Amino acid sequence: MNQQTIDLDQTDKIKDQKQDQKQAQKQAQKQPIFLQALGVVGWDHLEAPILASIVQEKPLLLIGEHGTAKSMVLERLAAALGVQFRHYNASILNFDDLIGFPAPDTESGRVRYLRSNLDAWDAEAIFVDEISRCRPDMQNRLFPLIYDRKLQGASLKNLKYRWSAMNPPPSEDDPNRYFGSFALDDAFADRYDWILRVPSDLSPQHRLKVIKGTVASDSGAYHLQKAIQHTKSKLNLVEEVYGDNVALFFDSLYPILKRREWDVSMRRIRMMYQNAIAMIATGYYATIADALYRTVLYSLPQNTNKPVTGKDIQPIVSMALKIKALAIMDIRKQLLEEKDPIKRIVLALQSEQEDLMVATILDSYASLSRLESIALAVKLFPILVEKYPKTPGIVLAQLAEDVAVVQALQSRGAAVPTHSVQYKIAQCVIAQTANLNRTQVWIEDVLWVGFEERLFDTVQQVRDMKAFCTQTAFILNKLGA
């Protein structure tokens, strides 16, 4: 009887532990938010891959029925990102629309191109709609634009985002539907890192929202930028922690796909590895296995010809996961779970593992604003030089650049009109730095850098920056600074 009672108690404890683990995973899983804030309904399951594509700045292709909001979503994303946006219709696109109107140059004897407000040279985001209705010759010309960010062999230095959309090509079941939409050339389809099938069947609740009309809220851009910062802050660390095992997973997946006649190139496997790292970094998935499954689902080029479903790939992914289980060390788990980038730096330095130090500090830089990065550099650089002499040069070089900005701080005696916002900001800087003690002088320098480089738009931003500096100093003091 006693033995039975003990066994039952142990069983209850195991059940409680499993329940706690499930609850912790649910709490850790990030909930979709920025698409909803942009007035996009029914796309919650696509938020993570869309975010990953933005963070990676990789080509994205949306495939769906007409009227499924493909264009609207990309236009609202561009507006929220605040980028120079160009929208082209591939079915009527001429190459001149991209590069400008050709005109002879009588002096050089060459052809030069007359610029227009719609050409692609200064674009930061380009959306090529109806890509499946494009003429073959035009598709060939778009090839380097999508993959290499080039036109006529010249790099588009400002271009970050390359997006496309198309209707599904005709199928054997319905050969006359979207008759003018053709399957993409295999090599062209293979240049899109992300290929997403968008929903056409919405829930009754979502249908009502669409019927009444949706608008992007003012908070949409904020939520998108916060999601980007969060993901960037984990990208290098996720690869350092999971990279080897994720690579082994895709190495196991590759021959399985081949045996199942899912023809993929090694370039595609490399893309899928990078996509998986970004998907894990978003924090949208409770388990690594789920992130890998979704990555495969949204990365296969076969999606351009017919929908790839979970039923198609679940057995394949499960088989690859069994071949290589994913494990994680305690310190690395702590780093991934810690949300504050400065606290992650402390954990990484205390681990004394060079790979973690590099990944964590570089990730933190990616997640911080320009002035926050400068503040971190000013406080962290002397700590590393004094107490961590083996810090890799790539980290010290990054910090040194921002420390130099503070050291080059110009005179604070520039005249500012008393009625201007800059005058109010300068007065706020003076007020915020009046009572700093000797160990806090560096905060004053950082605030004046923010003033000189016009990084403050409001006096509240000055107060917030001082609070960030104070908190950063407090956290780094754990290193004995």
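The values are calculated or read from the model by the stated rules, or taken from the named source; none is laboratory data. As the structure is a prediction and not an experimental result, all values here were calculated from the model. Here the Cβ positions follow ideal geometry from the backbone for every residue, glycine too, while neighbour counts run over all protein chains shown.
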| query | of a type in the set (A, V, I, L, M) and either modelled with pLDDT of 90 or more or farther than 28 Å from residue 346 by Cβ (or both) - does that describe any residue in the range 449-456? | reply | yes
| request: Could you please let me know if residue 285 is in a loop (DSSP other than H, G, I, E, B) and either closer than 23 Å to residue 224 by Cα or modelled with pLDDT of 85 or more (or both)? | output: yes
| Do we find that residue 366 is modelled with pLDDT under 85, in the same structural domain as residue 444 (by TED's automatic domain parsing) and aliphatic (A, V, I, L, M) in this structure? | yes
| Would you pick out the residues in the range 186-209 that are surrounded by fewer than 20 Cβ atoms within 10 Å (Cβ to Cβ) and either of a type in the set (Val, Ile, Thr) or over 16 Å from residue 300 (Cβ atoms) (or both)? | 198, 199, 200, 201, 202, 203, 204, 205, 206, 207, 208, 209
| said: For the structure I just gave you, tell me whether residue 372 is under 19 Å from residue 468 (Cα atoms), surrounded by 19 or more Cβ atoms within 10 Å (Cβ to Cβ) and acidic (Asp, Glu). | reply: yes
| query | Failed condition for residue 420, given (1) in contact with a Leu (Cβ under 8 Å, 6 or more places away or on another chain); (2) surrounded by fewer than 12 Cβ atoms within 10 Å (Cβ to Cβ), with all others met? | reply | (1)
| query | Is it true that some residue in the range 64-86 is modelled with pLDDT under 90 and outside any strand (DSSP E or B)? | reply | no
| In the range 272-290, the residues that are touching a residue at least 60 places away in the same chain (Cβ under 8 Å) and closer than 17 Å to residue 251 by Cβ | 274, 275
| said: With the requirement that a residue be among the β-branched types (Val, Ile, Thr) and either more than 22 Å from residue 226 (Cβ to Cβ) or surrounded by fewer than 21 Cβ atoms within 10 Å (Cβ to Cβ) (or both), what does the range 56-82 give you? | reply: 63, 68
